[in-house]
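Here is the structure we will look at.
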Amino acid sequence: MPDNLFNAAEVIDMGIAKEKKRRDFYALCAKKFKDEAMQKLFTQLESWEDEHIKKFTEIRDSAEESEVVESYQGEFEAYIRSLVDDMQYKQVSVANFAKYVRNPLAAIRYGMGFERDAILFFSELLRHMTPLHREKIIELINEEKKHLMYLAEIKTKYE
C-alpha cells in the first residue's frame with residue numbers, strides 16, 4: 001500500500017471507540033444522579049450513542065480505502081489520533097468519573113464537550129468518505145448537533 005493511503009475502516013473504528021466512551025460516560029451519569037430528570041437525560045443520551053455505534057459500524061463494514069494527500073508520511077493518521085486521544089476520554093472511568101463529575105452541571109458540561117468532539121471528528125472524516133457514506137456521516141453530525149443543543153438548553157437550568 002502506498003504511503004499516502006489509509007484504511008477508512010481503521011479511522012471509523014476510532015470513531016466507534018469514541019462513541020462507546022461517550023455511551024459509557026452517559027451510563028455512568030445515569031447511575032450516579034438520583035434526580036429523575038438527570039437519569040432520564042443521560043439514559044436517553046446513552047441510547048442515542050448506542051444508535052450511533054450501530055450506524056457507524058454499518059459505515060465501517062462497507063467502507064473502502066481512501067487516498068489522502070499528506071505533507072509528510074503519517075500526517076493524516078497523526079491528526080486523526082490527536083482528535084481521538086484527548087484527556088476528556090481518558091477520564092471516562094469509574095475512578096476518574098467520581099473525581100471530575102461531582103454534580104449534574106459538571107456532567108452536562110462534559111457531555112457538551114463530548115458532543116462537540118463528535119461533531120469535529122465526523123466533520124474531519126466526512127471529506128474522505130464516498131458520497132453514500134457522506135450522507136450517513138452528515139446525518140450523524142446533525143444528530144450530534146441536536147444532542148449539543150439539547151444539553152445546552154438543560155444546562156441553563158443548572159447554572
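The values are calculated or read from the model by the stated rules, or taken from the named source; none is laboratory data. Note that the structure is predicted; figures quoted are calculated from it, not measured. Cβ placement follows ideal geometry from the backbone for every residue including glycine, while neighbour counts extend to all protein chains displayed.
Among the residues of region 100-159, those that are charged (D, E, K, R) and in contact (Cβ under 8 Å) with a residue 12 or more places away in the chain comprise R109, E115, R116, D117, E124, K136, E139, E143, E144, K145, K155, E159. Can you confirm whether region 70-92 contains a residue that is within 18 Å of K145 (Cβ to Cβ), part of a helix (DSSP H, G or I), modelled with pLDDT of 70 or more and aromatic (F, W, Y)? No, region 70-92 contains no residue that is within 18 Å of K145 (Cβ to Cβ), part of a helix (DSSP H, G or I), modelled with pLDDT of 70 or more and aromatic (F, W, Y). Close contacts from region 28-41, counting a first residue that is within 19 Å of N96 (Cα to Cα) and a second that is of a type in the set (F, W, Y), with Cβ to Cβ under 8 Å and a gap of 6+ residues or different chains, come to L28/F97; C29/F42; A30/F42; K32/F97; F33/F42. Give region 14-37 a look and list any residue that's farther than 30 Å from S123 by Cα and of a type outside the set (D, E), or say none. Once the filter is applied, which keeps residues that are farther than 30 Å from S123 by Cα and of a type outside the set (D, E), region 14-37 yields K31, K32, F33, K34, A37. When each of L140, L125, L120, L105 is tested for being assigned to a helix (DSSP H, G or I), at pLDDT below 90, touching a Phe, Trp or Tyr at 6+ places or on another chain (Cβ under 8 Å) and of a type outside the set (K, R), the lone residue that passes is L140.
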